[in-house]
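To start, the structure under review is shown below, and the notes come after it.
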Amino acid sequence: MYTFQKEERLCSRKYLDLLFKNGSSFLLYPFRISYLFVDEPLVVPAQVVINVPKKRYKRAVDRNLLKRRIREAYRLNKQDHFYKKIPTEKGALLFSIQYVGKEKYEFAFIEKKLTQAFKRFLNLVLTNGAGK
């Protein structure tokens, strides 16, 4: 339940290009969330990619620290705040979490903001029917 398996990671070049060219996005500081529903069935309800820019964080140590914190917050909150509420009739979800913050925030702040991003995403998708 509280795992982050290989099937949940978005690695496909085809899907990544599709997500960033055709997907919708919104900004909830310190994250930029991009999403797209695809018709092809996946093993899991959503595939996610986590990105921290090299332009802002030159040292790999800093990028890896932020990615670990985001990944852990996603892993702990995906089941309760995200997977249970995703509309499955639209197809599989491709999801991108890009870190755009200027500072290295603590885990508690990142977790709080990520759950807010989940709620905002679900609100957008459920009210507007956007994403497909």
In segment 18-113, carbon and sulfur make up what percent of the accessible area (probe 1.4 Å)?
50
The chain, dipole about Cα centre (Lys/Arg Cβ +1, Asp/Glu Cβ -1), debye to the nearest 20
660
Percent of Cα-Cα distances greater than 21 Å, calculated over the chain
37
Tell me the per residue accessible area of the chain using a 1.4 Å probe; a whole number in Å² is fine.
56
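With r as the distance between the Cβ atoms of ARG13 and ALA108 and R0 = 35 Å, compute the FRET efficiency 1/(1 + (r/R0)^6) and round to 0.05.
Values: r = 35 Å, r/R0 = 0.99.
Result of the calculation: an efficiency of 0.50.
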Cα-Cα longer than 29 Å, checked against LYS6/LYS119; LYS55/LYS112; LYS55/LYS84; LYS78/LYS102; LYS54/LYS78; LYS14/LYS112, kept in input order, equals LYS55/LYS84; LYS14/LYS112
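The values are calculated or read from the model by the stated rules, or taken from the named source; none is laboratory data. Small disclaimer: the values here were computed from a predicted structure and weren't measured. Counting neighbours? That spans all protein chains shown, and the Cβs are built from the backbone with ideal geometry, glycine included. These accessible areas exclude ligands, DNA and RNA; they are computed on the full protein's heavy atoms, side chains included. Shrake-Rupley method; radii C 1.70, N 1.55, O 1.52, S 1.80 Å.
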